[in-house]
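*Asks:* One structure, as structure tokens, below. Some questions next.
The values are calculated or read from the model by the stated rules, or taken from the named source; none is laboratory data. All values derive from a computational prediction rather than experimental measurement. Here the Cβ is made from the backbone with ideal geometry for all residues, glycine too, and neighbour counts use every protein chain on show. When the accessible area is computed, the model is the full protein with side chains, heavy atoms only, and any ligands, DNA or RNA have been set aside. Shrake-Rupley method; radii C 1.70, N 1.55, O 1.52, S 1.80 Å.
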Amino acid sequence: MAGETQADCLFCKIVAGEVPATIVRETETTVAFRDINPQAPTHVLVIPKVHYPDAASLAAAEPKVIADILSESREVAAADEIEETGYRVVFNTGAGAGQTVFHAHLHVLGGRGLQWPPG
């Protein structure tokens, strides 16, 4: 059920401490960790501690938590010193958009020039 930990979800397992990750920040509602396949010098995922399959369902059910994720993206950028040079935040929603783990998550990307359109 949405909002509840899913036994087969990689990100739920990271939240529970069952799967190791390089955690860079943690709050009451979020966890931020380095992507294992980084696409930029800074590539951090910010996830909610509650399980929703994508950003749209999280926003509909728990708008405060999605706001917390966005706030944490700025904190990640500041900690990695990319706030001044610029960074990108991305939610992929659905397999056609490149989402591979169906637990809502935001990518914080920076530390190099980012082209537009992204691809």
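*Asks:* Rolling a 1.4 angstrom probe over the protein heavy atoms, how many square angstrom per residue are accessible across the chain?
*Replies:* On a per-residue basis, the chain sits at 56 Å².
*Asks:* While we're looking at this one, here's another question. With a 1.4 Å probe and every protein chain left in place, tell me how much accessible area Leu45 has, in Å² to the nearest 10.
*Replies:* Probe radius 1.4 Å; accessible area of Leu45 about 10 Å².
*Asks:* For the chain, what's the relative contact order in percent, using C-alpha pairs closer than 8 Å and at least 6 residues apart?
*Replies:* Relative CO of the chain lands at 29 percent.
*Asks:* Among Val19, Gly111, Ser57, which residue has its Cα positioned farthest towards the positive end of the charge dipole of the chain, with +1 placed on the Cβ of Lys and Arg, -1 on the Cβ of Asp and Glu, and the dipole taken about the Cα centre?
*Replies:* Gly111
*Asks:* So if the hydrodynamic radius of the chain is defined as the Kirkwood radius over C-alpha pairs, what does Stokes-Einstein give as its diffusion coefficient at 4 °C and 1.567 mPa s, in µm² per second?
*Replies:* The Stokes-Einstein estimate is 90 µm²/s.
*Asks:* Same structure again: Need one number: nm distance between label points at Glu83 and Asp8, each 7 Å from Cα along Cα→Cβ, rounded to one decimal.
*Replies:* Simple spin-label model gives 4.1 nm for this pair.
*Asks:* Sticking with this one: Would you mind checking the tilt of helix 63-79 against the longest principal axis of the Cα atoms of the chain, expressed as 0 to 90 degrees and rounded to 10?
*Replies:* 40 degrees
*Asks:* Using 7 Å Cα-to-Cβ label points, what is the Thr27/Val90 separation (nm, one decimal)?
*Replies:* 2.3 nm
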